[in-house]
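The values are calculated or read from the model by the stated rules, or taken from the named source; none is laboratory data. Just so we're clear, the structure is a prediction, and the values are computed from it rather than from any experiment. Every residue, glycine among them, receives a Cβ derived from its backbone with ideal geometry; neighbour counts consider all protein chains shown.
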Amino acid sequence: MIIALLPAVVLAQSVVPGPWGNLKDHIKPLEITTDHQRITLYRRQQMLAKSAHFRAIEAVVIYDAPFKGQLRGQAQALLGLAGTLDTLFVPGTETQIGQHGAKLEIWQQPEEFGQHVAGFRKAVDDLAAAIESGGDLNAAYIGVRHQCLACHQSYRIFKPQPKPRPL
């Protein structure tokens with residue numbers, strides 16, 4: 001895979017001008033200067049997007065949030081993201097020692113990692129099909145969750161997490 005990357009452009013700034021006036025941006029500009037950092041940032045944002053769509057589905061399927069009519073859109077977004085999962089792990093972007101993120105085994109065991117990716121895609125396909133057909137959403141949800149956990153437990157170095165806050 002050949003990647004053409006442009007020089008970093010700082011978009012986050014302390015004040016963002018626009019039609020609503022000059023608004024203070026509380027997000028600090030990131031210092032992204034290497035291809036490794038750019039690719040890692042993109043990969044992490046893509047994984048967060050997958051999680052957000054999955055958690056929205058979970059809110060409806062498991063916790064009965066009243067948004068069943070939005071499940072199809074959430075599933076379609078998740079399908080699109082699942083289709084690019086294997087492209088996010090570019091050689092040379094392995095997690096640095098002492099950091100959280102993708103384990104080196106992703107690049108050392110590409111066939112096994114590919115099986116996890118294929119399993120995730122199949123589970124997401126099954127979830128989308130269950131949403132479309134009115135099938136067993138709980139079983140389809142569990143199928144996706146299982147694939148996420150299996151891959152993360154095999155190929156992810158977890159960031160230490162603070163105790164969750166009550167809702």
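Determine, yes or no, whether G135 is part of a loop (DSSP other than H, G, I, E, B) and modelled with pLDDT of 95 or more. So G135 fits the description; yes.
Cβ separations smaller than 6 Å between residues 6+ apart or across chains give the following pairs from the stretch 95-109 residues that are farther than 12 Å from T40 by Cβ and of a type outside the set (G, A, S) to residues that are in a loop (DSSP other than H, G, I, E, B) and at pLDDT 95 or above: I106/F89.
Given the conditions (1) of a type in the set (D, E, K, R); (2) loosely packed, with under 12 Cβ neighbours inside 10 Å; (3) at pLDDT 95 or above, which single one is not true for K159? Every condition holds for K159 apart from (3). For first residues located in the stretch 66-83 and surrounded by 19 or more Cβ atoms within 10 Å (Cβ to Cβ), partners that are at pLDDT below 95 and of a type in the set (S, T, N, Q) and lie 6+ apart or on another chain with Cβ distances below 9 Å do not occur. When A65 is tested against (1) at pLDDT 95 or above; (2) in a helix (DSSP H, G or I), exactly one condition is not met: (2). Of all the listed residues (L71, L81), the sole one being in contact with a Leu (Cβ under 9 Å, 6 or more places away or on another chain) and in a helix (DSSP H, G or I) is L71.
For the stretch 93-136, taking the residues that are under 22 Å from S51 (Cβ atoms) and polar (S, T, N, Q), the one that is surrounded by the fewest Cβ atoms within 10 Å (Cβ to Cβ) is identified as Q99.
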